[in-house]
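A.B. asks: Take a look at the following structure, please.
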Amino acid sequence: MPPVRLKVLHLEDNEEDAALVAIHLRRGGINADIHRIDTEVALSDALHEEWDLILSDYNLPGYSGLAALDKIRALGKLVPFILVSGEIGEDIAVQAMRNGANDYLLKSNLTRLAPAALLAIEANRIRIAKQRADLALSRSRQQLRELAQHLQTSIEQERAAIAREIHDDVGGALTAVKFDLAWIARHAPTPQIAERVQQALESVGHAHEASQRIMHNLRPAILEQGLVPALQWMTDRFGKRTGIHALFRTSQEQLQLPAGVPLVAYRFAQEALTNVSKHAQATQVSVDVTQAGGVLSIEVTDNGRGLSADDLAKARSFGIRGLHERAETVGGWVDISSNPGGTTLILSVPLSGPENGFIDQLFTNLDVDTPSGDADPDDPTVWG
């Protein structure tokens, strides 16, 4: 087996000890190109180069091997470092290992110097590979988060565009039809025609209500009145629609929230209540809104069958995954607690962190008006 070639930096002030180290490296099959230094200034200059291995005595003129190690690691150098000393206590050896040394040896026993050097180099290679893999994974996760934000933005933009088209085209057409049918009803020549016209008016009314409901689901205009009224209205409406006893509680009536947060919180509660109606088999559900310690919390709790580990581990469990992704767009997170007696979903959003207002901004320029003849004064979701 040919000798291993290494470029070695040796911090040593004793020439005889340096020669002894070189002999043991050569005996161990290492053909080392050794550069010996003994001052801190020389170390600073030498660290501008790349080294395969650094060996250091503990006692050096004006400084120590530990100080040299701290300097090397402070510069971000991951080169293997082995402390070689004539006398070294156990406490110093432990401190050296904690500070990033790969090994420590006594000058009186250098027989394992070469194996220790090769082992340190291999361990360092593995560590660098792991750091690179971790960095690549971190970048990949960041890219996925950015992609999720982009997708959420695109979805909300498309929802806003569809809602505007429904309002302008479908809503306008239905309103015109209602006016025409009303005119026909007033001029109907026979009672039979008047009755059919009245039935048509009722059908158009149902269609108009459906369009209003669809527009609300696409773009919750009620958020303009504030998150608390919006969630209270959603909870009441959920209870009436499903028959599940729904309770809304809040610690304060008005919330000052960064841009983007109200819509994320609203969509979270909407998705959570949808999951309750579809899967929980619950008879009761509560929505609690609190703000304390600079953190907004939305808690949705039901008394249903709960979520099993298999439910949470489903590869295509996009509902729960979507909640996490949406929360991350405003720097928040989602906690899930579940047992056979029910499930609790909690959205937490720090209000002092960076604001991601890209979602709310999608709707600030929507200039839509509900025709005055069709607006329901008791419906908080009408556009205006």
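The values are calculated or read from the model by the stated rules, or taken from the named source; none is laboratory data. No experiment lies behind these values; they were computed from the predicted model shown. Here the Cβ is made from the backbone with ideal geometry for all residues, glycine too, and neighbour counts use every protein chain on show.
A.B. asks: Of the conditions (1) more than 21 Å from His35 (Cα to Cα); (2) surrounded by 14 or more Cβ atoms within 10 Å (Cβ to Cβ); (3) modelled with pLDDT of 90 or more; (4) of a type outside the set (Gly, Ala, Ser), Leu137 fails just one. Which one is it?
C.D. replies: Among (1) more than 21 Å from His35 (Cα to Cα); (2) surrounded by 14 or more Cβ atoms within 10 Å (Cβ to Cβ); (3) modelled with pLDDT of 90 or more; (4) of a type outside the set (Gly, Ala, Ser), Leu137 violates only (2).
A.B. asks: Go through (1) touching a residue at least 40 places away in the same chain (Cβ under 8 Å); (2) under 19 Å from Leu351 (Cα atoms); (3) under 24 Å from the mean Cα position of the chain (by Cα) one by one and return the number of the condition Glu271 breaks.
C.D. replies: (2)
A.B. asks: While we're on this one: What pairs can you find where one residue is in the stretch 100-111 and touching a residue at least 24 places away in the same chain (Cβ under 8 Å), the other is hydroxyl-bearing (Ser, Thr, Tyr) and part of a strand (DSSP E or B), and their Cβ atoms are less than 9 Å apart, with a gap of 6+ or different chains?
C.D. replies: Qualifying pairs under 9 Å: Ala101/Ser56; Lys107/Ser85.
A.B. asks: Considering Thr290, Thr274, Thr301, which residue is touching a helix residue (DSSP H, G or I) at 6+ places or on another chain (Cβ under 9 Å), among the β-branched types (Val, Ile, Thr) and assigned by TED's automatic domain parsing to the domain that holds Gly341?
C.D. replies: Exactly one residue qualifies, and that residue is Thr274.
A.B. asks: Name the residue that is nearest to Asn275 (Cα to Cα), counting only residues in the stretch 338-360 that are modelled with pLDDT under 55 and part of a loop (DSSP other than H, G, I, E, B).
C.D. replies: Ile359
A.B. asks: Turning to a different aspect of this structure: State which residue pairs qualify: first residue without any contact (Cβ under 8 Å) to a residue 60 or more places away in the chain and more than 20 Å from Asn102 (Cα to Cα) and inside the stretch 37-63, second residue assigned to a loop (DSSP other than H, G, I, E, B) and of a type in the set (Gly, Ala, Ser) in any location, beta carbons under 9 Å apart, and separation of 6 or more residues or different chains.
C.D. replies: Every condition considered, the pairs that remain are Thr39/Gly62; Glu40/Gly62.
A.B. asks: Could you look through the stretch 269-284, keep only residues that are closer than 24 Å to Gln254 by Cβ and not small (Gly, Ala, Ser), and pick out the one that is surrounded by the most Cβ atoms within 10 Å (Cβ to Cβ)?
C.D. replies: For the stretch 269-284, the residue satisfying everything is Leu273.
A.B. asks: While we're here: Mind checking whether some residue in the stretch 187-208 is of a type in the set (S, T, N, Q), crowded, with 16+ Cβ neighbours inside 10 Å and not assigned by TED's automatic domain parsing to the domain that holds Gly260?
C.D. replies: No, because not a single residue in the stretch 187-208 is of a type in the set (S, T, N, Q), crowded, with 16+ Cβ neighbours inside 10 Å and not assigned by TED's automatic domain parsing to the domain that holds Gly260.
A.B. asks: Which residue, of Glu122, Glu158, Glu165, is farther than 30 Å from Val204 by Cβ, surrounded by fewer than 17 Cβ atoms within 10 Å (Cβ to Cβ), out of contact with any Leu (no Cβ under 6 Å at 6 or more places or on another chain) and among the acidic types (Asp, Glu)?
C.D. replies: Glu122 is the lone residue from the list that is farther than 30 Å from Val204 by Cβ, surrounded by fewer than 17 Cβ atoms within 10 Å (Cβ to Cβ), out of contact with any Leu (no Cβ under 6 Å at 6 or more places or on another chain) and among the acidic types (Asp, Glu).
A.B. asks: Then there's this: Which residue pairs have Cβ atoms under 9 Å apart, sit 6 or more places apart or on different chains, and have a first residue in the stretch 184-211 that is of a type in the set (S, T, N, Q) and a second that is in a helix (DSSP H, G or I)?
C.D. replies: Between residues of the stretch 184-211 that are of a type in the set (S, T, N, Q) and residues that are in a helix (DSSP H, G or I), the close pairs are Gln198/Leu181; Gln198/Ala185; Ser211/Ile166; Ser211/His167; Ser211/Val170; Ser211/Gly171; Ser211/Leu174.
A.B. asks: Take the conditions assigned to a helix (DSSP H, G or I), modelled with pLDDT of 90 or more, within 27 Å of the chain's Cα centre (by Cα) and surrounded by 19 or more Cβ atoms within 10 Å (Cβ to Cβ) and apply them to Leu263. Does it pass?
C.D. replies: no
A.B. asks: Now for a separate question. Among the residues of the stretch 22-31, is any surrounded by fewer than 19 Cβ atoms within 10 Å (Cβ to Cβ), modelled with pLDDT of 90 or more, among the hydrophobic types (A, V, I, L, M, F, W, C) and in the same structural domain as Asn99 (by TED's automatic domain parsing)?
C.D. replies: Taking every residue of the stretch 22-31 in turn, at least one turns out to be surrounded by fewer than 19 Cβ atoms within 10 Å (Cβ to Cβ), modelled with pLDDT of 90 or more, among the hydrophobic types (A, V, I, L, M, F, W, C) and in the same structural domain as Asn99 (by TED's automatic domain parsing).
A.B. asks: Looking at the stretch 100-122 only, could you name the residues that are assigned to a helix (DSSP H, G or I) and out of contact with any Pro (no Cβ under 8 Å at 6 or more places or on another chain)?
C.D. replies: Leu113, Ala114, Pro115, Ala116, Leu118, Leu119, Glu122
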